[in-house]
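The values are calculated or read from the model by the stated rules, or taken from the named source; none is laboratory data. From a predicted model like this one, the values you see are computed outputs, not experimental measurements. Cβ coordinates were reconstructed from backbone atoms using ideal geometry, including for glycine residues, and neighbour counts include every protein chain displayed. The protein model used for the area step is the full one, side chains on, heavy atoms only, and it has no ligands, DNA or RNA in it. Shrake-Rupley method; radii C 1.70, N 1.55, O 1.52, S 1.80 Å.
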Amino acid sequence: MTAVDAIYARQSVDKKDSLSIESQIELCRRFTGPEAVVFQDKGFSGKNTKRPAFTELMRAVEAGDVGRICVYRLDRFSRSIADFSRVWEVLDRHGVAFVSVTENFDTGSPIGRAMLNIVLVFAQLERETIAERVRDNYRHRFALGAWPGGPAPYGYDLAGLETDGRRVSSLVPNENAAVVRQIFREYAGTDLSLRTLARTLTQRGVHGPRREAWDNVTLSRILHSPLYVKADEEVYWHYLTQGIEIDLPPEAFDGIHACNIIGRRSRETEARRLTVANHEGVIDAPLWLAAQEKLSRNRQLPRANAGKYSWLTGLMKCAKCGYAVKIGHAKPQGTYQLLCSGRTNLSNCDSEITVELPVLESAVAAPIQTFLSACPSDALCPADRETAAQLLDIDRKIDRLVKALSESSAVSAGYISRQIDALHDRRAALQARAEQPREQPRLDFHAAPFSEKKQIAGEFIDRILLTGDEAEIVWKI
């Protein structure tokens with residue numbers, strides 16, 4: 001088959017100042033003639049090459065069916081230097097010329113290839129400049145206390161606010177703000193865990209932010225968020241001791257308006273910043289701080305009910321799909337069945353696990369006891385490492401509080417002093433527990449309590465892969 005001319009046209013959205021696909025094709029036909037094959041993508045961005053007609057065009061290029069590609073303008077074909085350079089290697093390898101009608105160059109000539117590279121550099125520069133303007137605008141709105149962008153958080157609606165003669169974005173409470181208040185009261189004022197509270201809200205028929213059911217991750221995000229607190233000076237010192245950068249003085253936290261944070265915990269190169277928002281909070285500062293204190297404590301507490309059926313819970317994985325293996329009740333009463341959660345929860349695995357739980361526990365316990373017998377007793381205390389990490393975290397918090405104390409007002413100094421005293425008490429309790437003498441020089445795994453078995457197993461085992469009646473133990477040692 002003889003290679004033919006191809007026309008490629010693209011338009012992401014219909015705009016008054018953009019040329020339609022039909023007009024692009026008409027202009028290209030004046031250059032190629034009526035025999036050219038047309039490939040068109042409507043409603044697709046040019047920031048990448050994942051476009052159906054573009055993919056079809058490249059297949060035709062690799063099949064040798066295309067001799068020349070004609071476009072109205074280069075950015076209709078690609079906006080990315082990296083993408084176009086990869087595509088150009090394919091075109092050049094198959095001897096396909098590239099023509100831009102508007103920019104008036106043809107890669108069939110040396111000057112055309114040079115012009116192509118120049119235009120492509122400026123197209124990429126324009127795209128990066130637009131992205132930088134968007135980021136700068138986001139940071140500017142954040143610094144002003146306005147809502148920087150995106151959908152409104154749960155409990156709020158977007159609204160406009162007049163500030164210094166101009167209208168800026170803000171948040172106003174909606175009917176879900178009452179649910180937010182209920183969440184803070186029930187979590188901070190009771191011994192409910194996040195999981196239990198999520199289950200309770202779901203059973204009551206309270207609709208979640210994006211779906212009907214609640215989960216502990218969604219609740220944690222709401223409870224951690226400063227967007228709900230009526231921020232006062234104590235909230236200021238709370239965040240300052242967490243290492244958050246704050247450009248405003250403590251007096252700016254008036255006990256009425258909420259806060260907002262920019263920056264992610266996962267990005268160490270980007271400092272997290274706090275500012276006072278232009279919308280009013282819905283949660284009183286003492287209640288919000290009580291919730292933060294409980295969240296902080298619970299990060300250090302083990303889940304008391306996790307893995308209550310077996311000390312291997314959390315270590316067992318399906319060898320076929322990699323999802324966790326959970327324990328379900330089976331008949332007769334008192335026996336348990338091992339189930340792949342990828343099969344039961346997501347229906348994306350057909351693995352059947354017939355391994356018996358008591359047999360598996362016995363098979364795992366024997367080598368663990370052998371390891372314990374061969375190790376010195378002072379090397380068998382995983383709790384010591386955990387305690388050391390907690391002590392280091394407390395020391396860092398105390399250091400930040402002491403530095404903040406020198407800059408605080410009389411009111412704030414009282415709050416900071418109480419926080420330092422509480423941290424010292426917690427540190428002393430942890431230190432005393434760490435220094436308690438061991439009563440047994442060796443650990444007897446078979447006689448150890450359930451919680452200790454679970455902890456010891458986690459120290460020695462990376463995971464246990466199960467499939468059918470087979471189990472593979474992946475040790476950490």
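When you look at Gln40, is it in a helix (DSSP H, G or I), touching a strand residue (DSSP E or B) at 6+ places or on another chain (Cβ under 8 Å) and surrounded by 16 or more Cβ atoms within 10 Å (Cβ to Cβ), yes or no? Spelling it out, it is not the case that Gln40 is in a helix (DSSP H, G or I), touching a strand residue (DSSP E or B) at 6+ places or on another chain (Cβ under 8 Å) and surrounded by 16 or more Cβ atoms within 10 Å (Cβ to Cβ). For region 1-28, taking the residues that are at pLDDT below 90 and among the basic types (Lys, Arg), the one that is most open to solvent (accessible area, probe 1.4 Å) is identified as Lys16.
Screening Arg113 on (1) loosely packed, with under 13 Cβ neighbours inside 10 Å; (2) without any contact (Cβ under 8 Å) to a residue 12 or more places away in the chain; (3) not in a strand (DSSP E or B) shows it passes everything except condition (1). Scanning region 76-102 for residues that are touching a strand residue (DSSP E or B) at 6+ places or on another chain (Cβ under 9 Å), closer than 17 Å to Leu19 by Cβ and of a type outside the set (Gly, Ala, Ser) yields Arg76, Phe77, Val99, Val101, Thr102.
Here His224 meets the list (1) over 26 Å from the mean Cα position of the chain (by Cα); (2) of a type outside the set (A, V, I, L, M); (3) surrounded by fewer than 17 Cβ atoms within 10 Å (Cβ to Cβ) almost entirely, failing just condition (1).
Checking each residue in region 180-200 for being open to solvent by 20 Å² or more (accessible area, probe 1.4 Å) and of a type in the set (A, V, I, L, M, F, W, C) picks out Ala188, Leu192, Leu194.
Does region 67-77 contain any residue that is part of a helix (DSSP H, G or I) and small (Gly, Ala, Ser)? Before you say what the answer is, go through the steps one by one.
Of the residues in region 67-77, the ones part of a helix (DSSP H, G or I) are 74-77.
This time we only want the ones that are small (Gly, Ala, Ser), so: none.
Looking through region 67-77, none of the residues is part of a helix (DSSP H, G or I) and small (Gly, Ala, Ser).
There is no residue in region 119-135 that is more than 29 Å from Gly149 (Cα to Cα) and either of a type in the set (D, E, K, R) or touching a Pro at 6+ places or on another chain (Cβ under 9 Å) (or both). Any chance region 201-216 includes a residue that's in contact with a strand residue (DSSP E or B) (Cβ under 6 Å, 6 or more places away or on another chain), open to solvent by 70 Å² or more (accessible area, probe 1.4 Å) and either farther than 20 Å from Ser296 by Cβ or at pLDDT below 90 (or both)? Taking every residue of region 201-216 in turn, none turns out to be in contact with a strand residue (DSSP E or B) (Cβ under 6 Å, 6 or more places away or on another chain), open to solvent by 70 Å² or more (accessible area, probe 1.4 Å) and either farther than 20 Å from Ser296 by Cβ or at pLDDT below 90 (or both).
Of the residues making up region 204-221, those that are within 24 Å of the chain's Cα centre (by Cα) and part of a loop (DSSP other than H, G, I, E, B) are His207, Gly208, Pro209, Arg210, Arg211, Glu212, Ala213, Trp214, Asp215.
Taking the conditions (1) touching a residue at least 60 places away in the same chain (Cβ under 8 Å); (2) surrounded by 14 or more Cβ atoms within 10 Å (Cβ to Cβ); (3) of a type in the set (Gly, Ala, Ser) in turn, Gly243 satisfies each one other than (2).
Scanning region 262-286 for residues that are modelled with pLDDT of 80 or more and in a loop (DSSP other than H, G, I, E, B) yields a total of 4.
Here the condition is being in contact with a Gly (Cβ under 7 Å, 6 or more places away or on another chain) and surrounded by 17 or more Cβ atoms within 10 Å (Cβ to Cβ); of Val87, Val96, it holds for Val96 alone. Considering region 422-449, and only residues there that are among the acidic types (Asp, Glu) and open to solvent by 90 Å² or more (accessible area, probe 1.4 Å), the residue that is modelled with the lowest pLDDT turns out to be Glu439. In the set Gly95, Gly149, only one residue is within 23 Å of the chain's Cα centre (by Cα) and assigned to a loop (DSSP other than H, G, I, E, B); that residue is Gly149.
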